[in-house]
Every structure is written in C-alpha cells, then in structure tokens.
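Asks: Handing you a structure now.
The values are calculated or read from the model by the stated rules, or taken from the named source; none is laboratory data. If you're wondering where the values come from, they're calculated on a predicted model, not measured in any experiment. Cβ: placed from backbone, ideal geometry, glycine included. Neighbour counts: every protein chain shown.
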Amino acid sequence: MTVPTSSTGAALAARRAAAVAAGVTSLLPGHFATGAEPGVLIDQDGARLIDLGAGIGVTTVGNAAPAVVEAVRRQAAEFTHACFMINPYEGYVAVCEQLNALTPGAHEKRSALFNSGAEAVENAVKIARHATGRPAVAVFDHAYHGRTNLTLALTAKNMPYKHRFGPFAGEVYRAPTSYPLRDPAGLTGPDAARRAIAHLDAQVGATNLAAVLIEPIQGEGGYIVPAPGFLPALADWCRANGIAFIADEVQTGFCRTGSWFACDHEGVTPDLVATAKGIAGGLPLAGVTGRADLMDAVHPGGLGGTFGGNPLACAAALATIDTMRAERLAEAADRIGATIAARLGPLVAEHPALAEVRGRGAMVGLEFVGPDGAPAPEVARRVAARCHRAGVIVLTCGTYGNVIRLVPPLVIPADVLDEGLRVLADAIRSC
C-alpha cells in the first residue's frame, strides 16, 4: 500500500515545527499516531502503518495491551504518585521482586527503579564505582548507552549523539568488541575477548576498573551479535579481577531475543543488569538489578529520584511481565526471528549489497555494504525510505548508518509480519 499525505498531516507537521525544538526529529513527520492495533500504528488519517520498530523495542506486548491498560486504569484511580523515597508502595516492591527473580543468576539480588535506560545505565556505573572504590569504566566500540552526559561518554557514535555536546565525563575507556562480519577471518569469541582484555590491561589496568559495561547484543551500534565465547570470557576476567560486569539489557531484555535476557543465551551472570524499554508496555520505567552486596554498598539516600518507579509505570510493568509469561513471548520472539530469517536470509546470496542478516529472536539486523565491503548507508536509507512510503516502519542503525533493524512487537500477527517482510524484501530488490 502507499500511505497518503494529507492536509491534516501537513497542518499537524506545521504545528510541530512551530512548537518542538528542531533537534528532536521524527522518522515519519507527516504521520501522527492516533491509535494502534497489534503490530500496527494508525495515523491521523486512519492509515495503517505496519510496525517493525515497536517504538525502538518498547511495545513488546503490543500498543495499548489490554492487561496493561486495565492495570494502569486501576492504579490511576487509586493514586498516580507517591514518591517512593517518601511513602513506599507495594507496586515498586513487586517490580523489584520480579526483576530479582527474572534476571540471570540465582544469587541474592536487590533492585532500584528509575525512568529511562540512560538513567539505569548511569546508576549502574554509580553503584559499581561506589562499591569497588575504583574510578574507571570500560565500554566498547559501537556501543550505545544513552544521551545524558555520562552515558554520552559511554556511547561510541558521534553523529547525532555526541557532536558538540562535550566535554563529557572522564575515566571512560573504549575497547574493541567482537564484530564477526568485520573481524579478521578466524577470530573467535575468546580471541576477541583476549584482544579487548589486553587493550584494557595495557591502557587502564584491571585494578583501576570499577566496571566493564556491555550490551550483550549491540543495539544502535548495528545489532551486532558477538561471537560465541566473547561475553563469558569477559565476565570471567571481570570476576577474577574484582570488576563489576554490567549488562546493558535495555534493548535486549524482556523476551526480545528469545529468552528473558540476552545474557541467558551463553549462561552469563552479570553483577549488575540495566533494564528499560520493554519492561512496562510503553510507560517510562527502568531498573538496575544486581548482587545484593554491590547494590547495598551504596549509602542510604544515595540512589533514587522523584519519579523513579512511578506507581502507574510499576502497575504497567507487572501487567507486562504477566502478559509475557501468559503469551509465552520468548517463544514468540524465536518464531518471529525464524520467519524473518526464512524470508530475508536468501536475499544475501541474491543481492551483494546485503552482507548479512543477523540477530537473535525478534532482534534482527540487515547490514548493507558497497562492492568493496565498506558500509553503504545510502542503500540502507533508500530501502528504509521505500518501506516508509509503502506504510512499513523500519529503523536504521549502526555506527555507519548502514544497518536496518527489525524489532517488531512480539504480538505481531503472522499475516501482518508477512506483509511487512514482503514490502521490505521488495524494497531490497528494487534498491
């Protein structure tokens, strides 16, 4: 289908331009969301947009999921805010209990709640520094961890995130990651880990590191799945040297990769886990969960925030987790990933510009390259634009902007997914 532009959309776009800061962009500026169905957004003219982006991996259980809507309605009728640092409430405690139970590892854990992924990552770093008494934090090439000053220091990509926003927080050091498509031939996951460890040992020193922070599958950096053995080797080195291993599961968590958390795939148990995005059915909520000794090392009053763990968001999170269990959404993610691989994987052999279809579960990246293997962001942009014109929402990502990421709601109907993938496959062939 071709999505029309309308006078209503144009009028709304004009109001937006007059009221919203220019630095806040929109991928589809003429299509204002007014409603949703499973796997579909509806704009101001009633046009249906197949949603393969889920609000950047947020609406995992669907947009306006009935259980989430009802839970928020009930909570709103009781009270909408009672700062947990003043008056505690059961919803906050219940979400922390769920996080402690669901995140990897059977050890004793504690959790704290915040508003966004960047807040979660920043607080995880704070906790690691406080608990270890060390200053340095290691991150990786292609990493994305947020847009606050500290998380921009942790993030690798300059445009549009870091450009002219510095100076950034110090004591942040970057190491090479495992990027199988672009690593030297034959470099295994443990080899890549040894490369990173040697880099950090030489340039920082293990005894100065409070934390190693990594996305188990890199998100904005290009949906990069590290080679098997990379994460376990890093985690082992951290454990041997008293370094907190922090998993940024903001985008990978909550069934997205076919398991509750991406670390589960290789049996990695992080010391601290940062979560957000899919946790609360579209409401702003984030968490840090970790070893009780690390979390409890922070002095009373050292963690918190006015809105962290808001009652409405907590109610939404509990309903979201219940929905994930009841609808077996980790298994749904695997089915979605298998469908995407079956439909798009064969195009790699047909079209040299498509170098790889990679991912886990319903977190899939398509990397585009030129004849010399160099990143081809212009091809990714053309493919994405063609999809948008046909009413299919896809997102680009990658350090070089040459990757299309597919991160659909896990409740997307099979026929809707099939139609979206047909449009995307046609776009790849035509571009």
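Asks: Specify the residue that is nearest to THR132 (Cα to Cα); the eligible residues are those in the range 199-235 that are in contact with a strand residue (DSSP E or B) (Cβ under 9 Å, 6 or more places away or on another chain) and surrounded by fewer than 20 Cβ atoms within 10 Å (Cβ to Cβ).
Replies: Ranking the candidates gives ASN208 first.
Asks: Condition test on THR289, is it in contact with a Gly (Cβ under 7 Å, 6 or more places away or on another chain), over 15 Å from VAL61 (Cα atoms) and of a type in the set (Val, Ile, Thr)?
Replies: no
Asks: Counting only residues that are in contact with a Gly (Cβ under 6 Å, 6 or more places away or on another chain) and buried (at least 20 other Cβ atoms within 10 Å of the Cβ), how many does the range 368-394 have?
Replies: 3
Asks: Also, I was wondering about something else. So which pairs qualify, if the first residue must be in the range 120-134 and assigned by TED's automatic domain parsing to the domain that holds ARG291, the second must be among the polar types (S, T, N, Q) and in a helix (DSSP H, G or I), the Cβ gap must be under 6 Å, and the two must be at least 6 apart or on different chains?
Replies: As it stands, the answer is VAL121/THR151; GLU122/THR151; ARG134/ASN208, since those pairs meet every condition given.
Asks: OK, next. Go through (1) within 17 Å of GLY219 (Cα to Cα); (2) in a loop (DSSP other than H, G, I, E, B) for ARG164 and report which single condition fails.
Replies: Here ARG164 meets the rest and fails (1).
Asks: Which ones in the range 307-343 are out of contact with any Lys or Arg (no Cβ under 8 Å at 6 or more places or on another chain) and among the small types (Gly, Ala, Ser)?
Replies: Matches in the range 307-343: GLY308, GLY309, ALA313, ALA316, ALA317, ALA319, ALA326, ALA330, ALA332, ALA338, ALA341, ALA342.
Asks: Cβ contacts < 9 Å: first residue more than 21 Å from PRO408 (Cβ to Cβ) and at pLDDT 95 or above, restricted to the range 28-45; second residue assigned to a strand (DSSP E or B) and of a type in the set (A, V, I, L, M), any location; separation 6+ or different chain. Result?
Replies: Final answer for the pair search is GLN44/ALA33.
Asks: Inside the range 174-213, can you point out the residues that are closer than 15 Å to PHE245 by Cβ and not in a loop (DSSP other than H, G, I, E, B)?
Replies: ALA175, ALA193, ALA196, ILE197, LEU200, ALA206, LEU209, ALA210, ALA211, VAL212, LEU213
Asks: OK, next. Does at least one position in the range 300-308 carry a residue that is surrounded by 20 or more Cβ atoms within 10 Å (Cβ to Cβ), within 16 Å of ASN100 (Cβ to Cβ) and of a type outside the set (Gly, Ala, Ser)?
Replies: No, the conditions are met nowhere in the range 300-308.
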